[in-house]
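Just below is one structure, and these are the notes that go with it.
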Amino acid sequence: MNPASRPARRRHRPRHQRPAPFDRFLFGVAYYPEQEPRRRWKQDFARMRRNGVRVVRMGEFAWDVWEPRRGVYAFELFDAAIALAAEQGLQVLLGTPTAAPPRWLSAAHPEWLRQTADGRPVDHTGRQHIGPVHEGFRAICRELTTALAAHYATVPAVIGWQIDNEFHCVGSLDFSPGARRAFQGWLARRYRRIDVLNTRWGTSFSAQTYASFEEIPLPLVSRPDGYPPHPGHLLDFHRFSSEVTVAFAAEQSALLRNARARWLIFHNGLFAHLDYWKLSDHLDLLGVDLYPGFGGSDGVKAGAWAAFKLQQCRAHSGAFLVPELATGAAGSQRRFLETPEPGQMRLWAWQCIAHGAVGLIHFRWRTCRFGQEIYWHGILDHDSRPRRRLAEFAQESREIARMAPRLKGAVRDTRIGVLIESEQDDAHAGVLECFPAPRHQAEHLLGALRARHLPAGLVHARDSFRGLDALILPSFGHVSSPLAARLRAFVQRGGFLIATARSGTRDGHNQALARTAPGPLAALMGATVEEVGGLRTPLLSFVPSGGDPILAQPGYELLRPRTAAAVACWTMTGVTASRQAHPAHGAPAATLRPLGRGRALLLGAWITAENAAPIVSWLAGLAGWRPVVAAGPGVEVSRLITPRGSLLFLLNHSAEPQRVCELEPARDLLTRRSTGDAIDLPAFGVAVLSQR
Ligand code: GAL
């Protein structure tokens, strides 16, 4: 399962199109034997098996069980649980428990406790209270990982490992004095000379010049007086934090692979300030923990939120895992996610598969009776009685087991790529946070493309663009020369490239470029930016040639076509005739340039929740994008291409029945019935159409 044993075709595809590195579908639940009476384990595993579980994920917080005292390892509890699971034919995914350092460790090393962005220390009250920035902590984690790896290498039921748990979730960044020293060391290795750092960051602003690396503080992201940190300083701190986490994961991954090369290594994301592209280099599969209720009570909104997460994971990993999928109401101190309606959990499961998931682990088997998450519901309630969630889970598991052989080698059909790269968001947040971030624009774009049933998905900016017809670059401030060259080649080969406001305006240290915007993209776009401005109240719309006005917020770029032609102009909206004209009024808002076999469109506006849909309609008209089916916006459509034909997933995220039309006759693999050119989906219903 390690990279060396991956089939060659997997390595040479664009990453977002990689199929699964194995043939079966991993389906199961998270289970915490350390939280259950032993007498219950056997019946739990038997009941899981009866309800379709194949894989159990466990151990990711059980450091205090495995190493109750420093250097003293106790494997008995998990050995016994794993043996009982194996008796039922279940396989086990374990977690390195390094997100939950035990009390003996935090008591011995209070200096390793994390500090928050406003400089306050956290204590030993949950998880992620110690971070991998401390070399001493890392050494202890290596010892633990080595001991666990050696012990379980010969246990056949253990098929893989989750590394740590949700890096950068609760305890995202560490602002402790130890972190400051490590950051200073990282900066010294990166820049070697302090004057180089001063120049690259641009420290001659408000007397921020440093005489030595030891002088550099941490960029406290919430200074008590609210003044923001220096953007170059902050960006490097986020890079440093990401590199520390990736290095920590890499060393665990290497230790595990060294013990057993066939283990499946994964991690469960996705959170901020972490370069998952680099992290994925050390994993077989990236995972995304999915609680669609975070997207809102409305099913359609929750589905859109989940689709974006799933696409993020797919963009980094190709085939991916969902190590945690919601099962019930989820309530903790400051959060409450509603109970999935009947059919909705199964719908989310199929949605994961429709985006490329090759394994689903529901969170969790039974709701915990103690601790911070007693209302974060599992499949079973505290009393273990069989209720509708268990019945739905069993239905889902039967269906997935039946479908699994058809999913072999599947890759998602994606023609329109929306580019993402986490560092762009970190850079963006360092300066103009109140404007739509690249990530948020990507989310609005994907939502609008998805609502029109277009074959769109997220693509990582470092991935190959092969196989894509169109690419949208949402306000990437830093467009490196290699990226600019790849975008030009994409257009010349016949691609349609769209870039939005402020693209190509900064360097890799978050300084503004002295070149006229869009800097490295200006020649490709055949246009430059003459003026940029913000609008606190909506004042301008841009009017595509022959189209209706589209409202622009929170700003505008007034473009000057050079070799391109204007395809939209700014116009003032809703103001009295006597008001002086806005300088953008009548000026180009978008330009289009044919180049080679393709075209490049520069749009001097940001994508927002309000304007994404009309912008996508306009672009679809320009580019000739055709919807895959005809259906209401609550229906999601996704196609997987497999060696045996294609699978068209129709997912109704709304609580109302929906009709999907303009279908080719096919066979619904869930109902095993032939279908005609239309199909009716019940509320939260799913169909999977097999097409040749
Ligand atoms: C996830 C985490 C789980 C559990 C769950 C519910 O973020 O990985 O361990 O805490 O949320 O809160």
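Relative contact order of the chain, taken over Cα pairs closer than 8 Å and 6 or more residues apart, is 11 percent.
Put simply, the amide H of LEU540, placed in the peptide plane, has neighbours under 5 Å in ALA552, THR573, leaving out anything fewer than 5 places away on its chain.
Once you order the gyration tensor axes a ≥ b ≥ c over the Cα atoms, which shape class does segment 416-623 get: rounded for a/c under 1.5, otherwise prolate or oblate by comparing a/b with b/c? Because its axes are fairly even, with a/c under 1.5, segment 416-623 counts as rounded.
Working from Cα pairs under 8 Å separated by at least six residues, relative contact order for segment 635-691 is 39 percent. Shape class for segment 183-272: prolate, because the ratio a/c of the largest to smallest gyration tensor axis (alpha-carbon atoms, square roots of eigenvalues) is 1.5 or more and a/b beats b/c. Given VAL65, VAL543, PRO405, which one lies farthest toward the positive end of the charge dipole of the chain, if we put +1 on the Cβ of every Lys and Arg and -1 on the Cβ of every Asp and Glu? Toward the positive end, the furthest listed residue is PRO405.
Which helices, taking whole DSSP H runs in the chain, have alpha carbons extending 30 angstrom or more along the helix axis plus mean Kyte-Doolittle at least -1.0?
Long hydrophobic helices here: 231-259.
Dipole check for the chain: with +1 at the C-beta of Lys and Arg, -1 at the C-beta of Asp and Glu, and the Cα centre as origin, the magnitude is about 2060 Debye. Around the amide H of HIS460, modelled in the peptide plane, lie the amide H atoms of ILE420, all under 5 Å away and 5 or more residues distant in sequence or on another chain. Does segment 635-691 classify as rounded, prolate or oblate by the C-alpha gyration tensor (a ≥ b ≥ c root eigenvalues; a/c under 1.5 gives rounded; else a/b over b/c gives prolate, otherwise oblate)? It is prolate, given that a/c is not under 1.5 and a/b is the larger ratio.
Under unit Cβ charges (Lys, Arg +1; Asp, Glu -1), what dipole magnitude, rounded to 20 debye, does segment 457-545 have relative to its Cα centre?
Details: 9 positive and 5 negative charges, 41 e Å.
With only Lys, Arg, Asp and Glu charged at Cβ, the dipole is about 200 debye.
Straight-line cross-link partners of LYS301 among the lysines, defined as a Cα under 25 Å from its Cα and at least 8 positions apart when in the same chain: LYS309. Rounded to the nearest Hz, the phi-derived 3J(HN,Hα) couplings of segment 269-286 under the Karplus curve 6.51 cos²θ - 1.76 cosθ + 1.60 (θ = phi - 60°) are x, 10, 9, 7, 6, 9, 7, 5, 5, 5, 4, 5, 4, 9, 10, 7, 9, 8, where x marks glycine and proline. Note on the chain: with neighbouring protein chains present and a 1.4 Å probe, carbon and sulfur make up 52 percent of its accessible heavy-atom surface.
Taking the Cα centre of segment 177-232 as reference, the dipole from Cβ charges on Lys and Arg (+1) and Asp and Glu (-1) amounts to some 280 debye.
For segment 416-623, with every protein chain kept in place, what is the accessible area per residue (1.4 Å probe, Å²)?
Using a 1.4 Å probe on heavy atoms only, each residue of segment 416-623 averages 38 Å².
Simple spin-label estimate for GLU76 and ARG49 gives 2.5 nm between the two label positions (7 Å along the Cα-to-Cβ direction from each Cα).
The string of couplings for segment 495-502 from the Karplus curve (6.51, -1.76, 1.60, θ = phi - 60°) is x, 10, 10, 10, 10, 9, 3, 6 Hz, one whole number per residue in order, with x for Gly and Pro.
For the chain, the longest stretch holding no chymotrypsin sites (Phe, Trp or Tyr not before Pro) located in a DSSP loop with at most 13 other Cβ atoms within 10 Å is which?
371-692
Among the trypsin sites (Lys or Arg not before Pro) in segment 225-292, those located in a DSSP loop and surrounded by at most 16 other Cβ atoms within 10 Å of their own Cβ are ARG262.
The values are calculated or read from the model by the stated rules, or taken from the named source; none is laboratory data. Note that the structure is a prediction, hence the values are computed from the model and not measured. Cβ: placed from backbone, ideal geometry, glycine included. Neighbour counts: every protein chain shown. Calculation scope for accessible area: heavy atoms of the full protein, side chains included, ligands and nucleic acids excluded. Shrake-Rupley method; radii C 1.70, N 1.55, O 1.52, S 1.80 Å.
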